[in-house]
Amino acid sequence: MANKTPITVAHGDGIGPEIMDATLHIIEAAGAQIEPETIEVGEKVYLRGITTGVEPGAWESLRRTKVFLKAPITTPQGGGYKSLNVTTRVTFGLYANVRPSVAYDPFIATKHPKMNVVIVRENEEDTYTGIEYRQTHDMMESLKLISRPGSERIVRYAFEYARSNNRKKVTCFVKDNIMKQTDGLFHKVFDEIAKEYPDIENESWIVDIGAAKLADTPEAFDVIVMPNLYGDILSDVAAQIAGSVGLAGSANIGEQCAMFEAIHGSAPRRAGQNLANPSGLLMGAVLMLVHIGQPEVATRVHNAWLRTIEDGIHTYDIYKEGVSKQKVGTKEFAEAVIARVGQEPQQLTPVKYSSTPKVPDSREIKEHAAQEKKELVGVDVYIDWNKGNFNELGEQFKTISVDGLKLQLISNRGARVWPNGMAETFTTDHWRCRFLSDGVITHAQITALLNRVTEKGFDFIKIENLYNFDGQPGFSSVSGA
Ligand code: NAD
């Protein structure tokens, strides 16, 4: 017998323990070679005063096994609790969130019978780093961070996933007509990496019209890769319109560790009644089996499950008079799947898993970091100011230049207000004063400039250095300029 793979298992809260028992029972009956180690996470741990929801000792198990099968948990009401998913994702660098959304027409009601989409969401960057500031009375700031290595590995993961799952196309969703630097980089990296996969079709959409198309005609898409925020929103939209929120599983993949779960929550009102549908967690476990190198078992489990759905054996949440044949509880559903291990669906398309996608190593990515020439050419100085008309601000700032570093313009919320501002432009107390030089400047010049700014009585709230990379500006131009 093959060696068993240790996995860390959390039974979670609400319906969690029931659907976890059913899931483990099914995959072990189908021949999964696993050795589960149980840890406690969730509500009870939170209520013991541990804000992460995970006992410190439980991390040891995760570090050892590097594979986490997690049932849903209940986050207690009230503040002060950290999201277990976010903590796990950040601690273990789980950079890829993979979410298949599939319709099972005509057995489960759906508006999109042919839908079969996998969303690959970048999981660590974008506005989700949580770096936020209050800078003035009026203004909050959230930093959107998109890196080249972060984009490279998520895009490469999407193409590798497509290739190993026999999918034909990878689509990129971005908003680079507006966010030319951040989303522009993601798009550029997508175009570069797509060239390495000539066997897979590729295309890019602006996320607004792409999202509309996804909601209207999801069968037009296969694998879609996107930055964190769009992926968070659209993976829920995709699961909902497939008609299968309760049936969808999800994988969070990192270089070292991976976490697998259902996308639904702990459904506390259904707990302890043998009612819950274990399918979402089971689909998470199928993704796990592929990940730990047991694709044949994953194939057997998934096909037996498809056959069960097709045979009309349904839990209450998907039961429909006239379509379903038998309403069953959690345990009976699990037994029905086990009885079909070795069978394939006859109307739905059978699955066949092969290898797990190769996860690119970040060291490989860092090694070929570009050798660009980086030159400091200016600085944006942000000011908290609420004392009058923007022309007055411009007149005062004009006098602050240092050694060729001259005020070029002032903007408010991205709109240019000086020189030649228009009285109609709405302004807040948050101003950006851009100083540019004809040539390369030093940090000392910036420090001298800032001293002049404070001497004149202004409150500068932050600066952003302006660099050229190989002569190309690494900063956005200003609208109206
Ligand atoms: P939920 O997903 O638990 O429930 C939404 C609805 O779907 C309910 O009507 C529920 O009965 C039904 N449902 C969900 N899963 C089902 C299943 N497997 N079988 C049958 N019916 C099912 O969402 P919620 O009610 O908003 O959240 C409940 C709790 O779950 C909250 O404490 C929330 O914080 C937590 N939650 C946890 C996770 C997670 O651990 N990954 C994810 C989402 C929500």
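What follows is calculated from the coordinates using simple rules that are stated; it is not laboratory data. These numbers come from a predicted model, not from an experiment. Note that each Cβ is placed from the backbone with ideal geometry, even for glycine, and that neighbours are counted across all protein chains shown.
Key figures
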{"read-out": "³J(HN,Hα) computed for each position of the stretch 288-305 - Karplus, 6.51 cos²θ - 1.76 cosθ + 1.60, integer Hz, glycine/proline x", "value": "5, 4, 5, 4, 8, x, 10, x, 5, 5, 4, 4, 4, 5, 5, 5, 5, 5"}
{"read-out": "Net charge of Cβ neighbours under 10 Å - reference Thr427; Lys, Arg +1; Asp, Glu -1", "value": "-1"}
{"read-out": "Computed helical MRE - 222 nm, the chain, DSSP H runs ≥ 4 contributing -39500 (n - 2.57), nearest 500", "value": "-10000 deg cm²/dmol"}
{"read-out": "Percent of Cα-Cα distances greater than 22 Å, calculated over the stretch 373-473", "value": "27"}
{"read-out": "Phi to ³J(HN,Hα) by Karplus 6.51 cos²θ - 1.76 cosθ + 1.60 over the stretch 76-83, Hz, x for Gly, Pro", "value": "x, 5, x, x, x, 9, 8, 5"}
{"read-out": "Segment Tyr316-Ser476, extension gain: residue separation times 0.36 nm, minus the distance between their alpha carbons", "value": "52.3 nm"}
{"read-out": "Inter-part distance where the stretch 93-109 and the stretch 185-255 are each reduced to a Cα centre, Å", "value": "11"}
{"read-out": "Angle in degrees between helix 228-242 and the longest Cα principal axis of the chain, rounded to the nearest 10", "value": "30"}
{"read-out": "Calculated P(r) of the stretch 173-224 - Cα pairs past 14 Å, %", "value": "56"}
{"read-out": "Average Cα contact separation per residue, the chain, under 8 Å, 6 or more apart, as relative contact order %", "value": "16"}
{"read-out": "Antiparallel DSSP beta bridges within the chain, percent to nearest 5", "value": "65"}
{"read-out": "Restraint check, Lys387/Lys456; Lys169/Lys213; Lys373/Lys398; Lys4/Lys70; Lys180/Lys374; Lys70/Lys331, Cα-Cα greater than 22 Å", "value": "Lys373/Lys398"}
{"read-out": "Unit Cα scatterers, Debye sum, the chain: log10 I(q)/I(0) for q = 0.06, 0.07, 0.13 Å⁻¹", "value": "-0.35, -0.47, -1.18"}
{"read-out": "Orientation-averaged projected area, Cα convex hull of the stretch 16-92 (nm²)", "value": "5.5"}
{"read-out": "Note, ³J(HN,Hα) from phi for the stretch 180-186, Karplus 6.51, -1.76, 1.60, rounded to Hz, x at Gly and Pro", "value": "6, 7, 6, 5, x, 5, 4"}
{"read-out": "Between the stretch 274-322 and the stretch 390-421, the alpha-carbon center distance in angstrom", "value": "62"}
